[in-house]
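To start, the structure itself, in structure tokens.
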Amino acid sequence: MIIVTGSVATTPVNHERILALSLEHVARSRAEPGCIAHNVHVDCENDHRLVFLEYWSDADALKMHFSVPASLEFVRAVRELATGAVEMTIFDSHPWPAS
């Protein structure tokens, strides 16, 4: 399984727009092959930070997700609105204990 974490900083001016774009992206992504879960959360310690948590069946499913035009447009739009860098980390996960 592939796990993706990410975050984006917002401001009072752009928060609702970035949140709306994020919720649309999450709903669309959940319908993609190999998507196990795709969520966005408001950081409870920072109201102007959105946190993403995604689970994908494998690397191929994630690569397909990254090639979807709507996903590319989402990233472009959020980068334009964000107050800083959009952070993302990808993990290759194995069940514990490994079998």
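Limited to region 29-72, what total is found for residues that are of a type outside the set (A, V, I, L, M), touching a residue at least 40 places away in the same chain (Cβ under 8 Å) and farther than 16 Å from Gly6 by Cβ?
Residues that pass the stated criteria total 2.
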- Note on the structure: Over region 54-99, the set of residues touching a helix residue (DSSP H, G or I) at 6+ places or on another chain (Cβ under 9 Å), within 14 Å of Glu32 (Cα to Cα) and in a loop (DSSP other than H, G, I, E, B) is Val68
- Item | Any chance Ser57 is within 23 Å of Trp96 (Cα to Cα), more than 10 Å from the chain's Cα centre (by Cα) and hydroxyl-bearing (Ser, Thr, Tyr) | yes
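Of a type in the set (A, V, I, L, M), surrounded by 12 or more Cβ atoms within 10 Å (Cβ to Cβ), over 15 Å from Met1 (Cβ atoms) and over 11 Å from the mean Cα position of the chain (by Cα): does that describe Val13?
Numbers: of a type in the set (A, V, I, L, M): yes; surrounded by 12 or more Cβ atoms within 10 Å (Cβ to Cβ): no; over 15 Å from Met1 (Cβ atoms): yes; over 11 Å from the mean Cα position of the chain (by Cα): yes.
For Val13, the condition - of a type in the set (A, V, I, L, M), surrounded by 12 or more Cβ atoms within 10 Å (Cβ to Cβ), over 15 Å from Met1 (Cβ atoms) and over 11 Å from the mean Cα position of the chain (by Cα) - is not met.
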- Task: Read through the list (1) outside any strand (DSSP E or B); (2) under 10 Å from Leu81 (Cβ atoms); (3) in contact (Cβ under 8 Å) with a residue 24 or more places away in the chain, then give the number of the only condition that Val8 fails.
- Result: (1)
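Can you pull out the residues in region 74-93 that are of a type outside the set (Phe, Trp, Tyr) and without any contact (Cβ under 8 Å) to a residue 60 or more places away in the chain?
Keep residues of region 74-93 that are of a type outside the set (Phe, Trp, Tyr), which gives 75-90, 92-93.
Once the filter is applied, which keeps residues that are of a type outside the set (Phe, Trp, Tyr) and without any contact (Cβ under 8 Å) to a residue 60 or more places away in the chain, region 74-93 yields Val75, Arg76, Ala77, Arg79, Glu80, Ala85.
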- Can Leu23 be described as out of contact with any helix residue (DSSP H, G or I) (no Cβ under 9 Å at 6 or more places or on another chain) and loosely packed, with under 14 Cβ neighbours inside 10 Å? yes
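If you check Phe52 against the conditions, is it at pLDDT 95 or above and under 12 Å from the mean Cα position of the chain (by Cα)?
Values: at pLDDT 95 or above: yes; under 12 Å from the mean Cα position of the chain (by Cα): yes.
Yes, satisfied.
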- Message: Of everything in region 27-53, what is surrounded by 18 or more Cβ atoms within 10 Å (Cβ to Cβ) and in a helix (DSSP H, G or I)? Give them in sequence order.
- Response: Ser29
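The values are calculated or read from the model by the stated rules, or taken from the named source; none is laboratory data. On a predicted model such as this, the values are computed, not experimentally measured, just so you know. Cβ atoms come from the backbone with ideal geometry, glycine included; neighbour counts cover every protein chain shown.
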